[in-house]
Structure formats: C-alpha cells, structure tokens
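Here the structure is laid out as structure tokens; the discussion comes afterwards.
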Amino acid sequence: MSQLAVLKRLAFSVLVGTALLITGCPWADLWPDGTPNDQTGGAKLVPFESEAELVSYFRQQVRASRMPRGGSLLDALGALFGALGAAPPLDDRAGGTGIEGEGTSYSGTNLQEAGVDESDTFKSDGEYFYIAKEQSLGIVCAYPTEGLAEVARVDLGFWVDSLYLFSDPEQELKTVIALGTQYEDVGGGFNGRPEILIWPPYYRGSKVAIAQIDVSDPENPTIIGQAELDGCLVSSRLTNGRLIVVLTILPQLPEGRPELLNTVTIDEVLPQMRVAGGAPVPLVPWQNWLHPEPPDGYAQTAVVTLDAADIETVVASVAVLAQAGTIYASPNALYLTDTEYDITRNFRETTSIHKFAFDEDGAARYVASGSVPGRLLNQFSLSEHEGYLRVATHRAGFGVVWAFDEEVLVGSETGQDEPSSDDGTEPDEGTEEPSEWEDPQNAVYVLAESEGELTIVGSLEGIAPNEDIYAARFLGTHGFLVTFRQIDPLHVLDLSDPANPRIVGELEVPGYSDYLHPLGQTHLIGVGRSVMTTEWGGVVPDAIQLSLFDVSDWEHPTLVQQVTFGGPGSYSEVSYTHKAFTLFEYNGQTLVAIPVEGPGLFAGEFGQVPLCFNPLGPLAEGIRPTCHFAGVVCYSVDPAVGFTYVGYLSSAPPWWPAWQRAAFIEDTLYALTPDGVRAAPVENLEASVSIELTD
C-alpha cells in the first residue's frame, strides 16, 4: 500500500472521527429543529402515470428537500476528499465455508444466504486468486504453493470496489465481474466537494463501472464486456444467473436562480447507461419509476438486473425516488430499506422496507412495502424464512443512548448519537435532562406480504432497554441478538410462531460480539471485543475476542470458551464485514481464520517481528519509529472444548493494508491483501512463501 494511501486512510479516520465527535453525523445541519421524526418515509410505492408527472414530482422534491449547501465542517471534509481524490473504499460489505471444486477443497466468500453470492475484494476458484487492486484485477496462481506467482494483470481504468466469479455452463465460460465507481468532479457551486459525506464520498456525476473478464485461461484474461451506469454503487448480489445492482443517483441540477429548475427535462432526470463506450440510453424507463407516499425527497435508488453471462444486457430495471439504506437479499427477493432522514432532513426512527421479488427470469420486480419502528444495524438485521421477513431494530427514543456507559443526549443541539471516546475519560456531568424521556430499546418484528403490503404479524418489543444491538443473526426458526452496555447479553429468540416471537434464553458474558456465525446446528461463534473498566467505572473496548456459544438448549445457552488477543489499537475486519470471516472444514477439523491488525506490540503475542519505519525518512532522526503489524490468526474449533491456537501468518508486506482476507486451499492457509499473498501449510505456518503484487 502506498504512503499516499496510508495518509488517505489515516486522514479519513481522524477527520470523520472528529466530525462524529463534534456533530454526531458528518452533516452539519441535517436536523433543523433538533428532534427525531417518526414519519415512515414511505410504506407504499406508487407508479407515475406519465413523464410529465415524474418531472413535476422531481422538481417539487428538489424545492422541498432543502439540501445542505454550507457549513464549515462540510466544507473542510469536502475539501479533504477532493484533495485526496477517489481512493478505494474501506470494504464494509464478505472468507467462508468449504467448497469442493474439481477434487480440490477451498474456502469461498462468507455468505449470509446460501445461493445468493456477494461481492468481495477477492475471489478464489481453488487454484487461482482474483484480487481487486486499485484500478486493476490481479490474478495469482495460488495452488500448489510451489508455483505461487502473479500470472496476469488487467487494467480496468476505474477503482475496483468488488468482484464476482461467475461460470456459465452453457457457454463453458468462466468470468470475473468487476464493479467500481468513477468519481467525477462536475464543478458547479460545490467546489468539487462530495454531495453526500459517506465513504466512499458521493459526488454528483458519479458512475458505476462494470467490466466482465474472461478468465477461462487465467494467464491470458480478456475483457469481453463493459458497462457504465450513472450513480454510486450501494450494494449488489449475484443469484440465478443474474447480477442485481443497487445504485443511488443524484442528478445534476442547474445552479443559480431557482426558476432554472423549471427547465429540467425528463432526459436530465433519468439515469443513463453506456455500453462499451457507446451512446447513453435510459437505464430505467419512466414507466418503471415509483415514489413513496408520503414523499421522501429527490434522491434516486435504482435496482438493475443484469445478465451475469453478459453484463451489457439489462434484464429489468426499476427505480424509486427515495434514499437507499440497508440491502438484504434472500434466494427469493431483494429488500431495499430507507431509514436515514425525511424530506425536511429530520432524523427518522422508522424504517421503510420495499420488497423486490425475483421472477421466473431472475429479475427483481417490486411487489410490496411496509415499515417497522426503529433503525437497522446491518444486513443481518433482516432475514426471510418460509415467506416471513424477520427484522431486528433499535430505537434511540428522545432521551439517552448508552455508548460504553456514557449517557449521550439524542435530539440535543450538539447532534445525534454522539459516540463516547475510547480513552476512558469520564463523561461530562451536569447535562440538563429533557422534560420527556423514552428509553432506548430494541425489538424484533415479523412481516408477511399481503396484497402489496408488508404487514407486521408479530412483534417482540422492549428487548434490553438502554442497550444497543451489536450483532444479529437469524437461523431457521430461531434468532440471536447481542446487546451491550457494560456486559454482553446473548438473547435467544423462538420465531417458530411468526405471530408470537419470544425470548426463550439469555446469557451474560464479558465483552461483546459484533458478528455471529453458526457452527453446525448447535453452536455459534462470536467475533468482537473484550472490554476493560476505566477509573470512572465505565467500559471501553480492549482486545479482539472470540467466543463459542452452545445453543443446543435454546432456553439455557452456555459459553464454551472465550479467547482474546491484541489490545487497545488492535482490530479485526470481521467487526466491520462478515466477508473477512473464514470457516473451513478440512481433514476432520474445523478451522477459523480471521485477519487482524494492530500496533507493533501486538506482534509479540504470536512470536512475530513487527514492521517498523520512520514515516519522515531522513527527517525523522531522533523520532521513535512507527511499528505496525497485520496478518491472519488461525484457530481450530471443537464444539465440545472450544478453540485451539493453530498459528499466525503475517501479510505480505505486513503493514497498513487497504484490506485483508484469509483463505484456505486444501491444507494451505493464505493471507491476502491488495499488495501481496503469503501462504503456508496449516501444520507448519512458519514455513511460508510469499509474493508482492506489482504496482
């Protein structure tokens, strides 16, 4: 990873963290009246009757939306993103269970739902690795390790965000589908700053680039398809031979006098698609546009179904004039949620859910909408089972949110959900309490589709008041929630009767898990953090923690074992994306591998030597060097006894990678980053070989 990339990552972390501490959200003026808003944001989607109606509605929403245009914090962060340019995003989206391919066992992408593929920064076919590296695709011969080498590189001309590996049996073709975003500074009155401060930042004029590469001969890859779609990539899935892409679009608007908005035409409203550099065509025809009731602004969300065998072919498309939130997909449908803010930019604590069912041709088509109180944690907050959608939500209420035992006012003039610090300092005292209180709480709702609506048929509210949801997982007729304030309660839910969801078991353990993974039918693995108590009695995150839970008796879950490693400053990407978790069955044992990263002292736990360097080079004489360490930790896990440490494999090179993944092929463990690959036999991880990818 280049020093510029390192500086981008550090600058982003520091400034966005500062922004959150100051305002609670990167926007400076999103809550004009400082109170939460409970309107649903649209539990019903309505089609337009004509082009003229669509354009008129769009103009009205632009006038009413009051998009922010100022604020020193917004300007400062916008200037930062503009100066740094478009760096590859920190992945927040999937390692996995074993796959048998032509006699070779290997790990694949960790999926939430079987049969619904999710993109990741690398893919494996059991012999070759396909790796996203900045604006290119790197191909590495990975197995056997005697031939470990980068065998090909494909320059794509856009920052590659994620990859799919797709085989078409009819054409005997194996392809990699690469997706990424091209950030375009369109100038105007925004001085090149992002329109929406998310990561990656959203720029007006952004375009999603998709390339299809024939890797039937991995050492001689060929680009066979290219498409460019207006908008910013929100999420994607690949199922039933179809690539489902979800985009957010903010059309370019005329700057200057308000009356210029009346000149906006249908061609300026509709997002466009370009194939292999050809002329633009409408991505979603006006007949396939929907809007929520009540209205929800002029941001556009498009759900586009492409043929995975030919990504230049649009099978179907539909668009909604509303923002995109969490995306979840089952084998039967894709669910689009919208929670963030209402049309007046007020904070909203109701989540709208829109269902797009997959038809017989694999296309996502709108069928129903509904809403639930509260906000979602991530895609694991949703799960479809036997026709019912289960949803876990958190509602902050008008009062306090507990964040590591620090009371934080919601709806105050200083912002929303301000995070506590990790330095253990005592929170400020003497804050005046609001006159009315509603304690933060959590809930699970069960929804069923009926006559175009997703209606609540069962609910369980008031779960763990004054605590936040840190992890959720639904498995068959049961669900599991991790909530946290000072200790981690694991809640076991019985969802066998959709009309009567109930808590049947609870377990309190030290620390918390922010990712839960099933181990067979009777156990759960939790990945999260241990905590330490501060001088003022609160708790802050400490080391990385693995937990093994026995849930064979739903009413009496037990903790089999916890192991911790690292300390303050260490972390695992599993806490931010399930794609970094790898579970692999091989030769009668179950192996768990997770990427870890942290300060140099962290390396000593595994008998490794950290990488140290002086970031200022010759100018750093007399300055203590910076030490860092990154790699993969491997454990075997036995449901009866717990975890057994197998070993550690450092990354190549082992410092500040943009992302890390662990992978297995047969008896070999791999540590992957966009900068290199290291491999070693599981039985002897010290006997490693490595390569660094070319720049």
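The values are calculated or read from the model by the stated rules, or taken from the named source; none is laboratory data. Values in this document were obtained by computation on a predicted structure and should not be read as measured data. For accessibility, only protein heavy atoms count, side chains too; no ligands or nucleic acids. Shrake-Rupley method; radii C 1.70, N 1.55, O 1.52, S 1.80 Å.
Things worth noting here:
- Accessible-area composition of the range 543-598, carbon plus sulfur, in percent [1.4 Å probe]: 45
- Remark: the range 457-462, residue by residue, has Karplus-estimated 3J(HN,Hα) of 10, x, 8, 9, 10, x Hz, where x stands for each Gly or Pro and the curve is 6.51 cos²θ - 1.76 cosθ + 1.60 at θ = phi - 60°.
- The amide H of Ser105, built 1.01 Å from its N in the peptide plane, has Glu666 as neighbours under 5 Å, considering only residues 5 or more places off or on other chains.
- Accessible area per residue was computed with a 1.4 Å probe on protein heavy atoms; Asp310 scores about 60 Å².
- Averaged over its residues, the range 474-574 has an accessible area of 36 Å² per residue, based on protein heavy atoms and a 1.4 Å probe.
- Accessible surface calculations at 1.4 Å, restricted to protein heavy atoms, place the range 251-381 at 33 Å² per residue.
- Its residues counted as N, the range 461-510 yields a C-alpha radius of gyration over 2.2 N^0.38 Å of 1.11.
- Phi-derived couplings, Karplus 6.51 cos²θ - 1.76 cosθ + 1.60 at θ = phi - 60°, listed residue by residue for the range 333-339: 6, 10, 10, 9, 10, 9, 10 Hz, with x used for Gly and Pro.
- Residue pairs, from the table Lys44/Lys123; Lys133/Lys579; Lys123/Lys207; Lys174/Lys579, whose Cα atoms sit over 28 Å apart: Lys44/Lys123
- Taking max minus min of the alpha-carbon positions on each principal axis, the range 267-362 gives extents of 41, 35, 20 Å, largest first.
- Amide hydrogen neighbours beyond the local backbone of Trp554, cut-off 5 Å, H modeled: none
- J(HN,Hα) series, the range 504-521, from Karplus relation 6.51 cos²θ - 1.76 cosθ + 1.60, nearest Hz, glycine and proline x: 10, x, 9, 9, 9, 9, x, x, 7, 10, 10, 8, 10, 9, x, 10, x, 9
- Computed over protein heavy atoms with a 1.4 Å probe, the carbon and sulfur contribution to the accessible area of the range 234-377 reaches 51%.
- Residues whose placed amide H lies under 5 Å from that of Lys133, excluding near-sequence neighbours: Gly138
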